[in-house]
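Take a look at the structure below.
The values are calculated or read from the model by the stated rules, or taken from the named source; none is laboratory data. Bear in mind that the values here come from a model prediction, so they are computed numbers and not experimental data. Reconstructed Cβ throughout: ideal geometry from the backbone, glycine too, with neighbour counts over all protein chains shown.
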Amino acid sequence: MQGEPMSAAVLLYDGCTITEVAEIATRLSNWDVTVHFVAPSVEELRDQSGLRMLPDRALGDLDPSTLTVVLVPGGNPDSVRDDTAVLAWLQRADEAGVLVAAICAGVTLVASAGLVAGRRITHNVRPPWAPPELADAVAPLWADAVVEEDRTIGVVRDGNLVSALPNAPVDFAMEILVAIGLYDRRRAELMGAHLKGGYVEQLYLER
């Protein structure tokens, strides 16, 4: 895809955790990818920290099939989990082959849209991260998915669906950049190590 015009959408909602997608949104912008911040309507929202957010597009004004990637942050998506317009918008993106990338509780949102059936995914709404009552409540969402059992694997990509654990925002960002052709795997591994606090000399030697 490198060299082609690209665009991305960050799905905002009340109670989302915007920091989980901040790294990838910033890197996409640095690559001159157009990043839209979208929500069911253009009105003020608050993330989990109370940060005020104002979407720049309403979902109904942006055709998801025209995007390169859709980013779905975690947090508490209860405000949109049963919103048929949001779920249909995600379904349209998936059906068009757009990369749909969800992290933390954002995976429950794409699961509610029916995107995980028959796919390999990871999610954190299970022990040891989630209490049994919560894990049991959302268990039907994963009934038809192949859930990665290795809890040390922070990011899973199956076709055009990326899912990630909340402690893996850097790996999440790097996987997306590889998936859309902006980084090769080696570059992603080096940059990932750098962003996690390591000194990666190769990055400076290859400038």
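Key figures for this structure:
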item: Matching residues, segment 12-38, being part of a strand (DSSP E or B) and out of contact with any Asp or Glu (no Cβ under 9 Å at 6 or more places or on another chain); result: 34, 35
item: Exclusive hit being of a type in the set (Gly, Ala, Ser), surrounded by fewer than 22 Cβ atoms within 10 Å (Cβ to Cβ), closer than 24 Å to residue 67 by Cα and over 12 Å from the mean Cα position of the chain (by Cα), set 198, 114; result: 114
item: Filtered residues of segment 168-193 (kept if part of a loop (DSSP other than H, G, I, E, B) and either farther than 14 Å from residue 24 by Cα or of a type in the set (Gly, Ala, Ser) (or both)); result: 168, 181, 184
item: Residue match in segment 64-83 (condition: modelled with pLDDT of 95 or more and loosely packed, with under 14 Cβ neighbours inside 10 Å); result: yes
item: Residue that is farthest from residue 33 (Cα to Cα) [pool: residues in segment 50-68 that are in a loop (DSSP other than H, G, I, E, B) and of a type outside the set (A, V, I, L, M)]; result: 50
item: Selection status of residue 129, among the aromatic types (Phe, Trp, Tyr) and either part of a loop (DSSP other than H, G, I, E, B) or loosely packed, with under 13 Cβ neighbours inside 10 Å (or both); result: yes
item: Failed item, numbered, when residue 138 is tested on (1) free of Cβ contacts under 8 Å to residues at least 24 places away in the same chain; (2) under 17 Å from residue 110 (Cα atoms); result: (1)
